[in-house]
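Please treat every number below as a calculation from the coordinates, not as lab data. Just so we're clear, the structure is a prediction, and the values are computed from it rather than from any experiment. Ideal geometry is used to build each Cβ from the backbone, glycine not excepted, and the neighbour counts take in all protein chains shown.
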Amino acid sequence: MDPWALSEPWWPAAVIADLTGSWRGGASLYAQVAEDLGTPGAARSPGDAGAVAPAFRLAGLDFYPVPRAVRDSGRRWSAYSPLDYWRDPVTASPIRALDGVTIACQHTVERVLLRDGRAAGVRVVRAGETDPVDIRADAVVLAAGTIENSRLVLRSRVNGGTERRRLSGLSDHIVQGFTLTLPAGAVDPAAALPTGHFVAPGDDEHRSNLFLSIGELAAGSVRIEVSTMGEQLPNERSFVEHRSAPDGTTSVHVGAALAEADEALVTEQQRRLGDLWRSLGPRYGTPATPLVFGGLGTWRPLSGDLVTYASALGTVNHEGCTIRLGDGLTERHEVVDLPGLYVLGPATFPRLGAANPSLTTLALSRRLAGILAGPPWEGIGIA
């Protein structure tokens with residue numbers, strides 16, 4: 001999480017302290033998760049580059065290697081998975097037994113079960129079957145994506161008799177960029193930048209991180225991709241809503257809209273992309289013709305192999321901010337009006353920031369696990 005986004009009054013002070021300062025007298029949650037990943041550099045956010053020298057400077061910006069949580073075994077690489085606790089991430093051979101843990105794959109959670117106004121389990125249906133199965137639990141943790149978590153919370157409220165059928169503030173990352181492919185031999189090695197993935201961190205004014213990836217493709221051609229990932233702020237016109245029809249059927253509706261501040265961010269992103277393009281073009285022998293962008297969700301071919309794009313909201317990035325810590329969700333990750341129901345993931349973020357949310361999601365998962373491991377909870381249902 002970018003330092004400028006992980007701040008009060010958006011985030012509760014106690015959560016900030018646990019993530020960045022100390023968790024129960026030990027290292028911070030960020031540091032603990034980074035150690036588990038085996039990538040200490042992941043403990044720092046894109047905006048915390050003080051301990052690492054920039055790889056190069058371009059268009060007045062310092063670019064740093066992108067922190068990545070991958071493990072390289074020589075011939076293969078693997079990304080992190082929670083299952084790594086039980087099995088080797090490369091060979092898949094068991095590390096320890098799944099004592100007391102049951103993983104129910106290919107099941108869809110229909111709804112959260114309630115008893116006396118509090119969560120008491122989940123109702124699931126196995127793929128290809130129609131008969132539901134009830135799984136009882138003292139506490140239920142929703143750890144799916146933002147839309148699915150929101151659906152289950154909304155349906156639980158409806159089943160509990162509340163009329164609160166909308167979760168507003170749905171946010172996503174606003175992403176724009178351009179790609180360029182150059183044929184073999186077209187790049188002057190003396191002028192070329194190093195290959196790899198790099199980032200120029202943003203700040204609270206720009207609310208965007210600027211990424212530059214350079215790689216060599218087959219037969220010596222070079223692929224350049226520049227993208228900027230920015231923060232959509234929560235607003236009332238972006239929402240997840242539960243609706244009931246006269247025939248008794250229900251459905252979930254999603255609304256996505258940019259606020260005025262987000263529209264200004266789109267314009268600023270395009271300006272910064274243009275500045276970078278004007279610095280890149282001469283290095284690679286390509287005229288830096290003006291970049292032209294379409295609306296969100298479009299790709300626009302320009303001259304040669306230059307293409308600009310703008311991702312649609314909710315397609316390739318990270319939705320969040322519908323069930324927010326400190327606003328609908330207690331600092332213990334419990335839904336305020338549904339005791340025993342807990343939520344994880346970017347849905348719980350008070351604001352999204354511009355960084356990839358995975359490290360914060362893992363850190364908050366560890367936090368909730370520690371909370372639930374104490375009394376009085378002894379059994380946990382996971383949906």
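Measuring how big region 173-310 is from its alpha-carbon positions, Rg and Dmax come out at 19.2, 70 Å.
Mind listing which GluC sites (Glu not before Pro) in region 86-189 are in a DSSP loop and have 14 or fewer other Cβ atoms within 10 Å? Don't skip to the end; give the middle numbers.
Working: sites: E110, E129, E148, E163; in loops: E129, E163.
For GluC sites (Glu not before Pro) across region 86-189 that sit outside H, G, I, E and B with at most 14 neighbouring Cβ atoms in 10 Å, the list reads E129, E163.
Checking every one of the trypsin sites (Lys or Arg not before Pro) in region 223-267 against DSSP loop status and a limit of 10 other Cβ atoms within 10 Å picks out no site at all.
Projecting the Cα positions of Y284, V307, T195 onto the charge dipole of region 173-310 (unit charges on Cβ atoms of Lys, Arg, Asp and Glu, taken about the Cα centre) puts Y284 furthest along the positive direction. The mean sequence separation of alpha-carbon pairs under 8 Å and at least six residues apart, normalised by the residue count of region 173-310, gives a relative contact order of 27 percent.
For region 144-194 versus region 262-301, the spacing of their alpha-carbon centroids is 20 Å.
Using a 10 Å cut-off around each Cβ, can you sort T130, T179, T322 from fewest to most neighbouring Cβ atoms? Walk me through the numbers on the way to the answer.
Values: T130 6, T179 16, T322 29.
If I rank by nearby Cβ atoms, fewest first, I get T130, T179, T322.
Only Lys, Arg, Asp and Glu carry charge here, each on its Cβ (+1 for the first two, -1 for the last two); on that basis region 173-310 has a dipole of about 440 debye about its Cα centre. GNM remark for the chain: springs join alpha carbons under 10 Å apart, and the peak mean-square fluctuation among A245, A354, A261 falls on A245. Going from the fewest other Cβ atoms within 10 Å to the most, the residues E231, E334, E236 appear in the order E236, E334, E231. Normalising the average separation of contacting C-alpha pairs (under 8 angstrom, six or more residues apart) by the number of residues puts the relative contact order of the chain at 21 percent. Relative to the longest principal axis of the C-alpha atoms of the chain, give the angle of the C-alpha long axis of helix 358-373, reported between 0 and 90° and rounded to the nearest 10°. Tilt of helix 358-373: around 20 degrees. If you take Cα extents along the principal axes in Å from the coordinates, which of [x] 70, 51, 45; [y] 80, 47, 39; [z] 58, 51, 44 do you get? Computed from the coordinates, Cα extents along the principal axes in Å corresponds to [x].
Structure remark: mean-square fluctuation, Gaussian network model of the chain, C-alpha springs under 10 Å; the largest value among V141, V187, V90 belongs to V90. Across S171, S221, S365, mean-square fluctuation computed from a Gaussian network of the chain (C-alpha pairs under 10 Å connected) peaks at S221.
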